[in-house]
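Take a look at the structure set out below.
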Amino acid sequence: MRLICFGLLLFVAQATTDTSAPLPQFDVASVKPNQRLEQPSNNWRQSPGRTDYHNSQIAPLIKAAWGDFSLPVEGGPRWILTDRFDVVVQFPVDTRLTSSRTRQRSCYVP
């Protein structure tokens with residue numbers, strides 16, 4: 001059920017993204033449910049070629065991908081606001097921040 005709902009969210013995200021050019025992809029992306037719920041939540045660590053989003057909700061990750069934390073994330077399943085995940089992404093070391101955000105969008109757009 002969550003996969004279907006998340007698929008609907010991806011469809012909405014795609015409608016708001018310029019699809020004329022393919023989005024760059026991460027070299028590796030891992031998304032796992034965080035069951036421990038330890039603190040701090042939304043603990044994000046960035047190092048050259050890698051970003052760890054530890055104990056994070058999906059909604060703030062979507063906002064980060066578009067570079068605007070004031071964006072409303074509406075109409076998605078409730079779990080994007082409540083459940084927490086550990087997300088690890090790897091990309092070329094020389095990737096600029098704007099390119100990294102574009103790569104993040106590729107995680108939310110089919």
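The values are calculated or read from the model by the stated rules, or taken from the named source; none is laboratory data. Just so you know, these numbers come straight off a predicted model, no measurement behind them. When we count neighbours, we look across all protein chains shown, and the Cβ atoms used for this are built from the backbone with ideal geometry, even at glycine.
Looking only at segment 32-48, which residues are under 18 Å from GLN90 (Cα atoms), at pLDDT 85 or above and surrounded by 13 or more Cβ atoms within 10 Å (Cβ to Cβ)?
TRP44, the sole residue that qualifies.
Give me a count of the residues in segment 56-82 that are over 22 Å from THR102 (Cα atoms) and buried (at least 16 other Cβ atoms within 10 Å of the Cβ).
2
Consider segment 83-94. How many of its residues are surrounded by 16 or more Cβ atoms within 10 Å (Cβ to Cβ) and either β-branched (Val, Ile, Thr) or without any contact (Cβ under 8 Å) to a residue 12 or more places away in the chain (or both)?
3
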